[in-house]
Amino acid sequence: MLAERFNRQIRDIVLMLRRASAAQSITTQQMFVMGSLEGGSRRMSDLAAEHGVRLPTMTRQIGRLARDGLVKRGRDSEDARVVTAELTDVGRIRLLRGREQRITFLAGRMALLNDAERASIEAALPALEKLFADS
């Protein structure tokens with residue numbers, strides 16, 4: 001069944017990326033959260049919803065990132081009760097560096113494929129973008 005095989009492949013991809021970034025100072029999950037902050041300040045509740053976790057879990061994640069100087073907390077200008085998070089300059093640099101390392105790793109893995117296999121992956125990207133849109 002396609003969905004079952006696809007599910008296994010997604011799991012394998014996530015695990016491969018985690019192993020590839022194990023030597024980095026930030027985890028894959030932290031990279032994902034920081035990527036969500038790349039466009040600017042976000043409400044903690046919105047981040048939790050986007051990442052499919054409860055608010056206390058996101059609060060702990062942001063707390064670790066803030067402790068390390070990668071994210072700073074703030075307050076919503078319209079509702080001071082709402083906590084926000086945004087990348088610091090150091091966080092932005094660390095995110096870009098981590099992303100470059102991941103892309104370099106993936107490029108190396110893709111170099112092991114033949115031209116037809118790489119073309120197959122490239123041809124599948126529009127369908128994957130559609131599949132994951134608004135998820």
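The values are calculated or read from the model by the stated rules, or taken from the named source; none is laboratory data. Because the structure is predicted, anything quoted here is derived from the model rather than measured. Accessible surface areas use protein heavy atoms only, side chains included; no ligands, DNA or RNA. Shrake-Rupley method; radii C 1.70, N 1.55, O 1.52, S 1.80 Å.
General remarks:
- Across the chain, C-alpha contacts under 8 Å between residues 6 or more apart give a mean separation that, scaled by the residue count, equals a relative contact order of 22 percent.
- Three-way shape label, region 67-128, alpha-carbon gyration tensor, a/c 1.5: oblate
- Taking all protein chains together and rolling a 1.4 Å probe, Glu4 ends up with roughly 110 Å² accessible.
- Accessible area ranking (1.4 Å probe, heavy atoms, ligands and nucleic acids excluded), largest first, for Ile26, Ile93: Ile93, Ile26.
- Alpha carbon centroid spacing (whole Å) that separates region 17-49 from region 67-130: 8 Å
- For the chain: rounded, prolate or oblate by the Cα gyration tensor [a/c cutoff 1.5]: prolate
- Region 1-43: C-alpha gyration tensor shape, a/c 1.5 cut-off, then a/b vs b/c: oblate
- Among the protein heavy atoms of region 82-135, carbon and sulfur supply 60% of the accessible surface, probe 1.4 Å, non-protein parts ignored.
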